[in-house]
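Comments concern the structure below.
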């Protein structure tokens, strides 16, 4: 796959349904060992909870999930489906439930665990992992904002901006779009601005 999505960082969310508290936690991970260590840490922290349901998927590797005592199919798999629908891998998710004394039924549990996983993922944010071309764009102060806008318009991102006698914007552009991007800013500036290619890198970049 040329590109995929991962959580940008740690994400946490909490809500209550019929007196049961659901605590969702999402983390980016690169290995099963990392995922299992996080699950173990959550179980230790929330040792007094009725359930610590979990799922994870390693990019290019396995997917796993557990209902941790909830009715089969009501927790771990619905949580995993949240990430599948978003095209996310390289993650671990744990949803802790403190039972409130009211049975939710299988449908209610499915909705609650799905919501908790989605809320925690939304809190974590998404990054896209793909091949990027690194560019440096020297320009005037007056042109800097327009250059940033053009980076965003082509699906790229600003990495850093150096301010001196002029401005140098360091950015990342999708590899397949770099030629069109360079031609675009050259034309926009009447030939005054040229983007220099400085290399290529595959790594996550936050969306938006």
Relative contact order of the stretch 4-124: what whole-number percent is it, with Cα pairs under 8 angstrom and at least 6 residues apart?
40
Can you tell me how much longer the chain between residue 111 and residue 72 gets when fully stretched, taken as 0.36 nm per residue apart minus their C-alpha distance, in nm with one decimal?
12.6 nm
What full-extension length gain, to one decimal in nm, is calculated for residue 196 and residue 32 as 0.36 nm per residue of separation minus the Cα-Cα distance?
55.1 nm
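With r as the distance between the Cβ atoms of residue 180 and residue 141 and R0 = 22 Å, compute the FRET efficiency 1/(1 + (r/R0)^6) and round to 0.05.
Numbers: r = 25 Å, r/R0 = 1.15.
Result of the calculation: an efficiency of 0.30.
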How many Å³ per residue does the convex hull of the Cα positions in the chain occupy?
138
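Report the FRET efficiency, 1/(1 + (r/R0)^6), for residue 3 and residue 163, where r is their Cβ-Cβ distance and R0 is 35 Å, rounded to 0.05. The partial results should precede the final answer.
On the way: r = 32 Å, r/R0 = 0.91.
The formula returns an efficiency of 0.65 here.
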Can you tell me how much longer the chain between residue 131 and residue 10 gets when fully stretched, taken as 0.36 nm per residue apart minus their C-alpha distance, in nm with one decimal?
41.2 nm
Which of these, 131, 121, 188, has the largest mean-square fluctuation under a Gaussian network model of the chain (Cα springs below 10 Å)?
188
Extending each Cα 7 Å along its Cβ direction at residue 203 and residue 47, get the distance between those two points in nm, one decimal.
3.9
Output the relative contact order of the stretch 29-96, whole-number percent, from Cα pairs under 8 angstrom with separation of 6+ residues.
40
Between helix 141-153 and the chain, what is the angle of the helix's C-alpha long axis to the longest principal axis, kept within 0 to 90° and rounded to the nearest 10?
50
Using a 7 Å offset from Cα along Cα-Cβ at residue 21, what residues in the stretch 74-98 end up with backbone N under 18 Å from the label point?
94-98
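Mind giving me the FRET efficiency for residue 86 and residue 152? R0 is 30 Å, r the Cβ-Cβ distance, nearest 0.05 is fine. Each step should come with its number before you reach the end.
On the way: r = 22 Å, r/R0 = 0.72.
Efficiency at R0 = 30 Å is approximately 0.90.
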Cut-off is 10 Å between beta-carbons; in what order do 8, 198, 106 appear when sorted fewest neighbours first?
198, 106, 8
Based only on other Cβ atoms within 10 Å, what is the fewest-to-most ordering of 51, 59, 25?
59, 51, 25
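Please report the relative contact order for the chain, taking Cα pairs under 8 Å with a sequence separation of at least 6, and give it as a percent rounded to a whole number.
On the way: 441 pairs, mean separation 51.1, N = 208.
Averaging sequence separation for qualifying contacts and normalising by length gives 25 percent for the chain.
Every number in this text was worked out from the coordinates using simple rules, so none of it is lab data. The structure displayed is predicted, hence computed values, not measured ones. So basically every Cβ, Gly included, is an ideal-geometry build from the backbone, and we count neighbours across all protein chains shown.
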